[in-house]
Amino acid sequence: MSASQIPPATAVPGDDVPTLLVKIFGKDRPGITAGLFDTLAAYSVDVVDIEQVVTRGRIVLCALITAPATGAEGASEGGLRATVHSWAESLNLQAEIISGRGDNRPRGTGRSHITVLGHPLTAECTAAITAAITSCGGNIDRIFRLAKYPVTAVEFAVSGAATDALRSVLAPEAALLGVDVAVVAAGLQRRAQRLVVMDVDSTLIQDEVIELFAAHAGCEAEVAEVTARAMRGELDFEQSLHARVALLAGLDASVVETVRKEVRLTPGARTLVRTLKRLGYQVGVVSGGFTQVTDALQEELGLDFAAANTLEVADGKFTGKVTGEIVDRAGKARLLRSFAHQAGVPLAQTVAIGDGANDLDMLNTAGLGVAFNAKPVVREAAHTAVNVPFLDTVLYLLGITREEVEAAETHVG
């Protein structure tokens, strides 16, 4: 077909064009949608918009159509109304038809996706979150449940308010309510390929690897004291790393195999990585821990990137030193940028997940920084927080539904 033969696109009805909103309610069953539009087809109307929701076996079907042309016998608006009501009644459905003009009113500028995770999600929390959205001038255009387990995850499509303004209002509200809320800008970038980079200790895994090594070296108490000093601000990360690693001097390096077996993945970690990989995402880890463990995790989980500190070994024993460049707070952010460059992914499309203060630079560098079961200072500084013990709930913040997760799982060998 030549360009001159292509029919012009149907124009969107103007504000002065009569339209009808046809709403159908009742018990869902196969064929309702087809039946409605087969009924409407007799009146030669155009379809302007369609929305359909099924909740616990009950359907709400809405169709915005142009009003039928007047003049032809049986083709009047009155005839359409009578026919639709008769069809609905024959199926024990309810019908409502509302006259109006034109299309839906345009959505406001500034569009965001707001994901709410509750365990459980209460009516009180939902009321507070939606009221906060309204207080920012936002309008809720659509609501969609992403998951019902292991948490209830609901996504709100909101227009009319800036993403940053929504985030600043909803973050403290969510903390008070005990729910997790993520606010991200709408747009094509949300569907683009992404890079997800995680911390390891207490994020991807449940353990602190230095403590596992310390248990075999008989210096758990000493390592814990150095860690406590770092948390009190008496030592920076690099100082505390060197002090703790020094306590491992003389430990037989063969213990690495034992420690690898002792490492416990965080619930949902394997599902998170599998699903992301199946959907075409690239996944990496950065750790203040040690390559002796992260290399094994990279192989086991099929990670695209991994970086950590390396324990020095001489004559089959740990020397109490680390080799190479230290992976610290600044180093994690630097590695995120490096991974993104290698992956060909803009920083705006990166996701970082971590739990500690040494993750903050990385969380703030990423397009979306997620504090996972983190301390208050980290939760407050990150873009969003997840406070349930299931790492795969991060998928819902990316708009991935539980059904998509399960579909991805069935395709993984």
Worksheet entry | Rounded accessible area per residue of the chain, 1.4 Å, Å² | 49
Worksheet item: If you average over every viewing direction, what projected area does the convex hull of the Cα atoms of region 200-285 give, in nm²?
Response: 6.8
Discussion item. Over the chain, what is the relative contact order in percent, taking alpha-carbon pairs closer than 8 angstrom and at least six residues apart?
Written reply: 14
Discussion item. What does the C-alpha gyration tensor say about the overall shape of region 74-157? Classify as rounded when a/c is under 1.5, otherwise prolate if a/b is larger than b/c, or oblate.
Written reply: oblate
Fill in: Given the chain, longest segment not containing exposed loop trypsin sites (Lys or Arg not before Pro) (DSSP; at most 12 other Cβ within 10 Å)
265-413
Item to complete: Using only Cα atoms, tell me the angle between helix 237-246 and the longest principal axis of the chain; keep it within 0 to 90° and round to the nearest 10.
Response: 50
Worksheet item: Over all Cα pairs of region 284-413, how is the pair count split among 5 Å bins, expressed in % and running from 0 up to the last occupied bin?
Response: 2, 10, 16, 19, 21, 15, 9, 5, 3, 1, 0
Item to complete: May I ask you to compute the full-extension gain from ARG81 to LYS261, defined as 0.36 nm times their residue separation minus their alpha-carbon distance, rounded to one decimal in nm?
Response: 57.9 nm
Worksheet item: ALA221 to GLU380: FRET efficiency via 1/(1 + (r/R0)^6), r the Cβ-Cβ distance, R0 41 Å, to the nearest 0.05?
Response: 0.85
Practice prompt. Scan region 310-413 for GluC sites (Glu not before Pro) in coil per DSSP, keeping those whose Cβ has at most 16 other Cβ atoms within 10 Å, and list them by number.
Written response: GLU325
Worksheet item: Among rounded, prolate and oblate, which fits region 19-171 when a ≥ b ≥ c are the square roots of the eigenvalues of its C-alpha gyration tensor, a/c under 1.5 means rounded, and a/b larger than b/c means prolate?
Response: oblate
Worksheet item: Using a basic spin-label model with each label point 7 Å from the Cα along Cα→Cβ, how many nm lie between ASP103 and ALA348?
Response: 2.4
Fill in: Kirkwood Rh in Å, taken over region 80-124 so that all alpha-carbon pairs contribute
15.4
Fill in: Over the chain - Rg/Rh using Cα atoms and the Kirkwood inverse-distance radius
1.12
Item to complete: Let me know the shape class of region 127-230, please: from the alpha-carbon gyration tensor, a ≥ b ≥ c as square roots of the eigenvalues, rounded when a/c is under 1.5, otherwise prolate if a/b is greater than b/c, or oblate.
Response: prolate
Fill in: Helix-derived mean residue ellipticity, 222 nm - over the chain, DSSP H n ≥ 4, -39500 (n - 2.57), to 500
-11000 deg cm²/dmol
Item to complete: Could you list which residues have their amide H under 5 Å from that of GLY110, counting only those 5 or more apart in sequence or on another chain, with H placed in the peptide plane?
Response: GLY160
Item to complete: May I ask what percent, to the nearest 5, of DSSP beta bridges between residues of region 276-413 are antiparallel?
Response: 25
Fill in: Distance in nm between pseudo-label sites at THR323 and GLU403 (7 Å out along the Cβ direction from Cα)
5.2
Worksheet entry | Degrees, to the nearest 10: 77-90 long Cα axis against longest axis of the chain | 60
Worksheet item: If one computes the Cα centroid of region 195-232 and of region 94-113, what distance in Å separates the two points?
Response: 54
Worksheet item: Which of the peptides 338-351, 38-51 is most tightly packed, and how do the rest follow, judged by the mean count of other Cβ atoms within 10 Å per residue?
Response: 338-351, 38-51
Discussion item. Amide H of VAL283 versus every other amide H placed in the peptide plane: which residues, excluding those fewer than 5 positions away on the same chain, fall under 5 Å?
Written reply: VAL196, ASP304, PHE305
Worksheet entry | Accessible carbon and sulfur surface of the chain relative to its total accessible area, %, 1.4 Å | 52
Worksheet item: Taking every DSSP beta bridge that has both residues in the chain, what percent is antiparallel when rounded to the nearest 5?
Response: 70
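The values are calculated or read from the model by the stated rules, or taken from the named source; none is laboratory data. All of these numbers come straight from a predicted model, not from anything done at the bench. Ideal geometry is used to build each Cβ from the backbone, glycine not excepted, and the neighbour counts take in all protein chains shown. What goes into the accessible areas is simple: the full protein's heavy atoms, side chains included, and nothing from ligands, DNA or RNA. Shrake-Rupley method; radii C 1.70, N 1.55, O 1.52, S 1.80 Å.
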